[in-house]
Ligand code: SF4
C-alpha cells in the first residue's frame, strides 16, 4: 500500500521572507510538488487561518509570507492563486487581513478575498453522517484545488486545530454556528472534508500556539513548515510533533474514519526532519486555563464519566472569557454539569448550568446550553443570563523551543 507522504522542514526561529519562501518550497517539493494536483489555467484557493484580527507573531493566525510563497508556486505553474478566508462568526475578515498583513499582499498584486462577501451555493454531502448538505462560496466550489494553510495551534474544543478543522474557514457564518449546535464539531468537520478535501495541507508552524488556543494561548517559536497531500496524515503527524496522539483530536479521528486520509503512523512516510528532532510537548488547553484563572467561590464543575474534552474545556475556557470581560465573579455559586448524566444534582435550578447535548434530557431542570461541542459564548450567556459578546484578545510573549 502506498504511504501518505508528510514533509517536515525546520528553518530559523526568526526567518526572513526569503527563508520562509525557501522552507515552504522545500516542504512542498519534499511532499511531491504541485504538478500532480494543479494544472496551468486552474484556480486554486489558498485558505489561511485568520480566525480573528491578530498578527502571526501571536501564533493565532497564518503568516502571510507562507501564503505568498505558496501563491508564487501556484503562479509559476500557470494557475491562478486566490487567498481566501472567512474569519470567526462576528469577526470582520477585512480587519483580520489588515492585522495579519494580508492587505500588503493585495498591494503586491495577489488576490485576497473575504469569503463572507461571496455568493454561496448548496453542495450535497452524499457520504455525510451528520451533515447531508452545506452552503459554500461558489468560488470555493468552482476552484480546481484547495490548499489549507492552518496555523499550528492547540484548541479548547478540538485538542488541536490544523488543516482539517481549518476548512471551517471556508463556510458562511450561519453554517459555522450550526457545526456546534446541530452537526457536532468533530463529525461535522469530517463530513465537510469529504467534499472540500484539501488537495494540499501546508501547516504554518513558524510561530505555533500552545495552551488555551485557538486564541488565548501562548506563542511558541518552532520554525516549522509541515506539508502533504493527505490532510489527515499531515494533521496526525503535526499532532504528534505537538506531543498529542495522532488521532487525539476528534476532528482527525472522525476524518480518518470517514476515509478522508490516514492517521496511522505506520501508513505515513515522514520526509525531511524526523518527528523526534522537532517534537515538543505543547501545553494542553486545560493547563493554559488554570494558569489564567482560579475557579470562583462556590463554582462546581460536575463531569459525567463520558464527558468529552470538548465540553470540559469549553466550560473552563468560558470562565476565561468571563474573566476577560471582568465578570468572572458572576460564575460564583454555579454548578455546571456536562456529559451523560442519570439525574440532576440537587441544587438551586437558577444556578444549574446543563452544558451540551448530552444533558438535553434534563434541560428543564436548569439553564440549558445546546451544542456538541457547545459554543463558549452560549455558556457565557447562560451564566450571565444575557446575550454576551466574547472578547477576542491574545496574550503576548513568545515561548522559545
Ligand atoms: S455534548 Fe456530550 S458528546 Fe458532545 S462534547 Fe459534550 S460531552 Fe461530548
For region 77-123 and region 308-336, write down the distance between their C-alpha centroids in whole Å. 33
In what sequence do 152, 73, 1 fall when counting other Cβ within 10 Å, fewest first? 1, 73, 152
Longest principal axis of the chain (C-alpha) makes with the long axis of helix 64-77 (C-alpha) an angle, in degrees to the nearest 10, of 40
Shape call, region 242-298: gyration tensor on alpha carbons, a/c limit 1.5: oblate
Value of relative contact order over the chain, rounded to a whole percent, pairs C-alpha under 8 Å and six or more apart: 18
Relative to the longest principal axis of the chain, what angle (0 to 90°, nearest 10) does the C-alpha long axis of helix 185-195 take? 30
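When the convex hull of the Cα atoms of region 155-310 is projected onto a plane and the area is averaged over all directions, what value comes out in nm²?
Reported value for the Cα convex hull: 10.4 nm².
Specify whether the C-alpha gyration tensor of region 1-160 places it in the rounded, prolate or oblate class, a ≥ b ≥ c being the square roots of the eigenvalues: rounded for a/c under 1.5, otherwise prolate if a/b is larger than b/c and oblate if not.
rounded
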Over the chain, the sum of -39500 (n - 2.57) across DSSP H runs of at least four, divided by residue number and rounded to 500 deg cm²/dmol, gives at 222 nm -8500 deg cm²/dmol
Which residue fluctuates most in the GNM of the chain (Cα springs below 10 Å): 190, 31, 69? 69
What is the fewest-to-most order of 362, 290, 179, 282 by other Cβ atoms lying within 10 Å of their Cβ? 290, 362, 179, 282
List 255, 135, 130 from most exposed to least, where exposure is judged by having the fewest other Cβ atoms within 10 Å. 135, 130, 255
Prolate/oblate/rounded call for region 8-95, Cα gyration tensor, a/c under 1.5 rounded: oblate
Per residue, the convex hull enclosing the Cα atoms of the chain spans a volume in Å³ of 132
With only alpha-carbon pairs counted, each pair once and no self-pairs, how large is the Kirkwood hydrodynamic radius of region 180-247 in angstroms? 13.4
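Every number here is computed from the coordinates shown, using simple stated rules; none is lab data. Treat the numbers as computed from the prediction; the structure is a model and nothing was measured. Methodologically, a virtual Cβ is constructed for each residue, glycine included, from the backbone with ideal geometry; neighbour enumeration extends over all protein chains shown.
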